[in-house]
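Take a look at the structure set out below.
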Amino acid sequence: GQQLNQSPQSMFIQEGEDVSMNCTSSSIFNTWLWYKQDPGEGPVLLIALYKAGELTSNGRLTAQFGITRKDSFLNISASIPSDVGIYFCAGPTGGSNYKLTFGKGTLLTVNP
Amino acid sequence: DAGITQSPRYKITETGRQVTLMCHQTWSHSYMFWYRQDLGHGLRLIYYSAAADITDKGEVPDGYVVSRSKTENFPLTLESATRSQTSVYFCASSATIRPEAFFGQGTRLTVV
């Protein structure tokens, strides 16, 4: 099946720094989703992207749908301690619009 | 405003026992999903359901059984639990025409 390669696997940053992470696939995706998982909780949807080239913001988070439709990027500006968690990219796979494939996640640690 | 709830949150069971994890959603979403989350593997789809009485296998269905007699409930049963089924299990749901899935808080299952 389709696989999503997410990088980096982990990041250690200082509070106030900006963060960038990305997700790539060998296949084209029609939708890109970004989730955040806090420790001990389920993933929460942050941003949904539906169109190649689309740039969407949610507070300090900005995500982009790559022009090739095979990648997506998530940026976090001016990080704060509560940004700590695992960030996942996901997209519908297998010809369906509802079965999601997830990347393996980027673990973000923010040092205050 | 319950959304999607899973029970129990934590469960310890013995090898060979049958155990059922419960999932209930209040949004009337058509699609429901069960994922397991393991270190190094990310989120993997076990089973999904497109509507009441319609279920299908995901990526890792072996050893699991699901049913969906009512739209709002989607229980996952491990018929004879094995240690390899020790994991965190997440239920999710999504509306018919949109791929965004919304997750429960998870059930941490330990098989001893």
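The values are calculated or read from the model by the stated rules, or taken from the named source; none is laboratory data. Values in this document were obtained by computation on a predicted structure and should not be read as measured data. Glycine also receives a Cβ, built like all others from the backbone with ideal geometry; neighbour counts cover every protein chain displayed.
Overview of results
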{"item": "Any hit, region A:24-34, residues being among the aliphatic types (A, V, I, L, M), at pLDDT below 95 and touching a strand residue (DSSP E or B) at 6+ places or on another chain (Cβ under 6 Å)", "result": "no"}
{"item": "Residue in region B:20-31 that is of a type in the set (A, V, I, L, M, F, W, C), surrounded by fewer than 19 Cβ atoms within 10 Å (Cβ to Cβ) and not in a helix (DSSP H, G or I) present", "result": "yes"}
{"item": "From A:Gly103, A:Gly95, residue being at negative phi and small (Gly, Ala, Ser)", "result": "A:Gly103"}
{"item": "Total residues in region B:90-112, condition over 14 Å from B:His24 (Cβ atoms) and either surrounded by fewer than 22 Cβ atoms within 10 Å (Cβ to Cβ) or more than 7 Å from chain A (Cβ to nearest Cβ) (or both)", "result": "10"}
{"item": "A:Ala78 in contact with a Gly (Cβ under 9 Å, 6 or more places away or on another chain) and farther than 13 Å from A:Trp34 by Cα", "result": "yes"}
